[in-house]
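Novice: First the structure, which I've put down as structure tokens, then a few questions once you've had a look.
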Amino acid sequence: MRKCLVSFLLLVVSLCVELPARADAYHAKPKLVVVLVIDQFRGDYLDRYRDDFKTKNGFNLFLKQGAYFTDCYYDYANTITAPGHSTIGTGAYTNGHGIAQNEWWDLKRSTTHPISSVEDERYAVVGDPASKETGASPRNEQASTLGDEVVLATQGRAKLFGVSLKDRAAILTSGHASKGAFWVDHASGKFITSTYWSKQLPAWAQAFNDSGRRDLATREAGAKPGHFYEEVGAHPASVSYLLDFAKSLVAGEQLGRHDVTDVLTISISSTDILGHRVGPDAPEQRAMIDAIDVDLDGFFTWLDKNVDGGMGNVWVALTGDHGVAPVVAVAEKLGMPAAMFDAKKLAAEVNDRLNQRFSPGKNSKYLLGLTMPYVQLDPRTLEQAKVTEAEAEQAVAEILPAALEATLPPEEKGISQVRLPSRPLIRRVYTRTQMEAGQIPATEEGRLILHSYSSSLGWFVMASPGMYEMSQRTGTSHYSSYSYDRHVPLAFYGSAFVPGTYHDRVAPVDIAATFASLLRINQPSASVGQVLTMAMRPETGESVSQKAVRE
Ligand SMILES: [Zn+2]
């Protein structure tokens, strides 16, 4: 009898584990999908610091219980926060979703300042009457997201939300049809949204802002009030602050308790705010990652108790929006060529040379901005000088490499007894005119460049710098087509996936494609991702498993 019971239980267990019922968004299988993004979280960190992770439901949720991909690389050359989040959300690259930079000049909307990727002057900030920030919306994101598609498929019954310290990370990952996107006011640290979503904060969000949680985070970080984003944001205290807000959201909106699948995107910005200052190899960044492990353990343990059916009914994808280069001094110390250049000096030098060519003796302003890897040109002054777009862009492409060289100290002559510092260089330059016409060499780099095209930038060229090059004097950054900027982790947790480590070359665009396929919905409007079938549990139809039970 007991033997019978044991084998019956084994059968039930094996049916539950190995033959999951068909997943789909329409029947809330799963109840909740979480897209978790860690900003400037390079693909090597999880293994580099694996020994540090002692918790069960922190990073080990993915490393030990999930499907972990070691080789996930962005397939474009503009590895920056706003395009990264949009790429994760939409499963498309910049040539699909249109977001090329964190901010850019759009003369139709402003002739006085570059607009941010999510800035929208038609809306006002909600949640902090003292906020000096402009309203925001996903207006520049020219593709639907995974969350948008879940909302469309369920005709609005699914609830979609996005949270982060950064507006662009909260908005572009979640999308257009969200019921709310929340980020912090840079000065106060209060969670805010914009009138694109609602005229006032939901009661649970207002209660969170009024709870004193912000003062606690400020004290934990040892920060002065009034500089929340810069000071608290670079401290691990901001991670638990964000995740506590996410808990309030899940509880307040009853996410994971509906008859269709809900979607939540969470983006942790703190690794990026700190990482730019100290670099990827600093003990401070390691301490930040270890703190995130503990905070994630707390969050997912809480989620297990607060979603119908617990974590068994939740799927999570973990990734990063871009990687990062080592600090120049650190790379040099290890014997690698690494160099810095001054982007402001370079822009001035390019502008001088354009004047020499098109308007000798004058000092016209031909550049709108130079934020690597893009140089934006001003069509107003160039048209005045009777220069066409193709001529102007070609001129900048020719001028850039020599202009950079001209901003550097002269090279030392003679034989050196010690290793000389490396000199930054521009390897290649591509013009918008060439990119739009598809006249880019059919090389590996050419593919990355074409994926970085956006018509939103007007007249521009795109520069390919040398490796480990920084367009700033301190800290480090990310903006290149090199592997260190493109490598991020990708991991899935949830009943649909076969736990294990996968060494396939995959990309962050695969997240939306994979989830959409499993949820039986349309992939996002510009999706180019692959469905990662190698990590999916073989699915057996319900009729087959029921037949097995009867037999
Ligand atoms: Zn960054």
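Novice: Just to be sure I understand, how many residues within the range 126-177 are assigned to a loop (DSSP other than H, G, I, E, B) and either of a type in the set (S, T, N, Q) or touching a residue at least 24 places away in the same chain (Cβ under 8 Å) (or both)? Spell out how you get there, then give the answer.
Specialist: Our first condition is that a residue be assigned to a loop (DSSP other than H, G, I, E, B); within the range 126-177, this holds for 127-135, 137-145, 154-159, 165-166, 175-177.
Subset that is either of a type in the set (S, T, N, Q) or touching a residue at least 24 places away in the same chain (Cβ under 8 Å) (or both): 127-128, 130-135, 137-138, 140-145, 154-155, 157-159, 165-166, 175-177.
Of the residues in the range 126-177, 26 are assigned to a loop (DSSP other than H, G, I, E, B) and either of a type in the set (S, T, N, Q) or touching a residue at least 24 places away in the same chain (Cβ under 8 Å) (or both).
Novice: Working carefully through the options Tyr479, Tyr468, Tyr493, Tyr502, find the one that is within 16 Å of the ligand (Cβ to nearest atom) and either open to solvent by 30 Å² or more (accessible area, probe 1.4 Å) or not charged (D, E, K, R) (or both). Reasoning before the result, please.
Specialist: Values: Tyr468 fails: within 16 Å of the ligand (Cβ to nearest atom); Tyr493 fails: within 16 Å of the ligand (Cβ to nearest atom); Tyr502 fails: within 16 Å of the ligand (Cβ to nearest atom).
Every option except Tyr479 fails the conditions.
Novice: OK, next. Which condition number in (1) closer than 29 Å to Glu436 by Cα; (2) touching a Leu at 6+ places or on another chain (Cβ under 7 Å) is the one that Thr81 fails?
Specialist: (2)
Novice: Another one. Would you check which residues across the range 306-334 are of a type outside the set (Asp, Glu), touching a residue at least 40 places away in the same chain (Cβ under 8 Å) and over 23 Å from Leu518 (Cα atoms) and list them?
Specialist: Across the range 306-334, the qualifying residues are Asn306, His322, Gly323, Val324, Ala325, Pro326, Val327, Val328, Val330, Ala331.
Novice: Okay, moving on. Only one of Asp378, Asp290, Asp308, Asp295 is under 30 Å from Ala251 (Cβ atoms) and touching a Phe, Trp or Tyr at 6+ places or on another chain (Cβ under 8 Å). Can you tell me which?
Specialist: Numbers: Asp378 fails: under 30 Å from Ala251 (Cβ atoms); Asp308 fails: touching a Phe, Trp or Tyr at 6+ places or on another chain (Cβ under 8 Å); Asp295 fails: touching a Phe, Trp or Tyr at 6+ places or on another chain (Cβ under 8 Å).
Residue meeting the stated conditions: Asp290.
Novice: Give me a count of the residues in the range 298-322 that are of a type outside the set (Ser, Thr, Tyr) and within 16 Å of the ligand (Cβ to nearest atom). Before you say what the answer is, go through the steps one by one.
Specialist: Filtering the range 298-322 down to residues of a type outside the set (Ser, Thr, Tyr) leaves 298-300, 302-318, 320-322.
After this cut, where a residue has to be within 16 Å of the ligand (Cβ to nearest atom) as well, the list is 320-322.
Count: 3.
Novice: Of these, Asp47, Asp75, which one is without any contact (Cβ under 8 Å) to a residue 24 or more places away in the chain, acidic (Asp, Glu) and more than 18 Å from Val316 (Cα to Cα)? Walk me through how you get there before you give the answer.
Specialist: Numbers: Asp75 fails: without any contact (Cβ under 8 Å) to a residue 24 or more places away in the chain.
None of the others qualify; the one that does is Asp47.
Novice: Looking only at the range 395-452, count how many residues are touching a Ser or Thr at 6+ places or on another chain (Cβ under 7 Å) and of a type outside the set (A, V, I, L, M, F, W, C).
Specialist: So the answer is 5.
Novice: Confirm whether Ala397 is on the phi < 0 side of the Ramachandran plot and open to solvent by less than 10 Å² (accessible area, probe 1.4 Å).
Specialist: Details: on the phi < 0 side of the Ramachandran plot: yes; open to solvent by less than 10 Å² (accessible area, probe 1.4 Å): no.
No: the conditions fail for Ala397.
Novice: Here is a further query. Which count do you get for residues in the range 270-288 that are near the ligand (Cβ under 10 Å from one of its atoms) and of a type in the set (Asp, Glu)? Spell out how you get there, then give the answer.
Specialist: Step one: of the range 270-288, the residues near the ligand (Cβ under 10 Å from one of its atoms) are 271-273, 275-276.
Keeping just the survivors that are of a type in the set (Asp, Glu) gives 272.
Selection size over the range 270-288: 1.
Novice: Just checking, which of Ser164, Ser188, Ser194, Ser211 is more than 20 Å from the chain's Cα centre (by Cα), within 30 Å of Val278 (Cα to Cα) and hydroxyl-bearing (Ser, Thr, Tyr)?
Specialist: Details: Ser164 fails: more than 20 Å from the chain's Cα centre (by Cα); Ser194 fails: within 30 Å of Val278 (Cα to Cα); Ser211 fails: within 30 Å of Val278 (Cα to Cα).
It is Ser188.
Novice: Ok, one more. Could you say whether any residue in the range 24-43 is among the aromatic types (Phe, Trp, Tyr), within 16 Å of the ligand (Cβ to nearest atom) and either touching a His at 6+ places or on another chain (Cβ under 8 Å) or under 24 Å from Val294 (Cβ atoms) (or both)? Before you say what the answer is, go through the steps one by one.
Specialist: Of the residues in the range 24-43, the ones among the aromatic types (Phe, Trp, Tyr) are 26, 41.
From the residues that got through so far, the ones that are within 16 Å of the ligand (Cβ to nearest atom) too are 41.
Checking which are either touching a His at 6+ places or on another chain (Cβ under 8 Å) or under 24 Å from Val294 (Cβ atoms) (or both) leaves us with 41.
Within the range 24-43, one or more residues are among the aromatic types (Phe, Trp, Tyr), within 16 Å of the ligand (Cβ to nearest atom) and either touching a His at 6+ places or on another chain (Cβ under 8 Å) or under 24 Å from Val294 (Cβ atoms) (or both).
Novice: Mind counting the residues in the range 68-107 that are within 16 Å of the ligand (Cβ to nearest atom) and surrounded by fewer than 23 Cβ atoms within 10 Å (Cβ to Cβ)?
Specialist: Of the residues in the range 68-107, 2 are within 16 Å of the ligand (Cβ to nearest atom) and surrounded by fewer than 23 Cβ atoms within 10 Å (Cβ to Cβ).
Novice: Now for a different question. Can you report the number of residues in the range 108-135 which are more than 13 Å from Arg168 (Cβ to Cβ), in contact with a strand residue (DSSP E or B) (Cβ under 7 Å, 6 or more places away or on another chain) and either of a type in the set (Asp, Glu) or open to solvent by 40 Å² or more (accessible area, probe 1.4 Å) (or both)?
Specialist: Of the residues in the range 108-135, 4 are more than 13 Å from Arg168 (Cβ to Cβ), in contact with a strand residue (DSSP E or B) (Cβ under 7 Å, 6 or more places away or on another chain) and either of a type in the set (Asp, Glu) or open to solvent by 40 Å² or more (accessible area, probe 1.4 Å) (or both).
Novice: Continuing with the same structure: Taking Glu332 as the residue in question, decide whether it is outside any loop (DSSP other than H, G, I, E, B), buried (at least 16 other Cβ atoms within 10 Å of the Cβ) and not hydroxyl-bearing (Ser, Thr, Tyr).
Specialist: So Glu332 passes the test.
Novice: For Asn140, state whether it is within 16 Å of the ligand (Cβ to nearest atom), touching a helix residue (DSSP H, G or I) at 6+ places or on another chain (Cβ under 7 Å) and open to solvent by 10 Å² or more (accessible area, probe 1.4 Å).
Specialist: no
Novice: Looking only at helices (runs of 4 or more DSSP H) that lie completely in the range 19-102, which have at least 1 residues being over 30 Å from Tyr374 (Cβ atoms)? Talk me through it step by step, then tell me what you get.
Specialist: Details: elements: 45-48, 60-63, 81-90, 94-97.
It comes to 45-48, 60-63.
Novice: Being open to solvent by less than 10 Å² (accessible area, probe 1.4 Å), within 19 Å of Ala491 (Cβ to Cβ) and touching an Asp or Glu at 6+ places or on another chain (Cβ under 6 Å) is the filter here; which residues of the range 277-321 pass it?
Specialist: Across the range 277-321, the qualifying residue is only Asp321.
Novice: Given the conditions (1) closer than 28 Å to Gly98 by Cβ; (2) more than 26 Å from the chain's Cα centre (by Cα); (3) open to solvent by less than 50 Å² (accessible area, probe 1.4 Å), and given that His451 satisfies all but one, which numbered condition is not satisfied?
Specialist: (2)
Novice: Residue check: is Arg257 open to solvent by 40 Å² or more (accessible area, probe 1.4 Å), within 28 Å of Ser174 (Cβ to Cβ) and either among the aromatic types (Phe, Trp, Tyr) or at pLDDT 95 or above (or both)? Step through it out loud before you land on a result.
Specialist: Working: open to solvent by 40 Å² or more (accessible area, probe 1.4 Å): yes; within 28 Å of Ser174 (Cβ to Cβ): yes; either among the aromatic types (Phe, Trp, Tyr) or at pLDDT 95 or above (or both): yes.
When the stated conditions are applied, Arg257 passes them.
Novice: Another one. Pairs please, first residue from the range 209-236 and in contact (Cβ under 8 Å) with a residue 40 or more places away in the chain, second anywhere and among the basic types (Lys, Arg), Cβ atoms under 6 Å, 6+ apart in sequence or on different chains.
Specialist: Asn209/Lys190
Novice: So, one more: Looking at the range 104-120, which of its residues are free of Cβ contacts under 8 Å to residues at least 60 places away in the same chain and either closer than 22 Å to Pro379 by Cβ or among the basic types (Lys, Arg) (or both)? Outline the logic, then answer.
Specialist: Here is the first cut: in the range 104-120, the residues free of Cβ contacts under 8 Å to residues at least 60 places away in the same chain are 108-113, 115-119.
Correct list: Lys108, Arg109, Ser110, Thr111, Thr112, His113, Ile115, Ser116, Ser117, Glu119.
The values are calculated or read from the model by the stated rules, or taken from the named source; none is laboratory data. Keep in mind that this is a model prediction, so the values were computed, not measured. We place every Cβ from the backbone using ideal geometry, glycine too, and count neighbours over all the protein chains shown. For accessibility, only protein heavy atoms count, side chains too; no ligands or nucleic acids. Shrake-Rupley method; radii C 1.70, N 1.55, O 1.52, S 1.80 Å.
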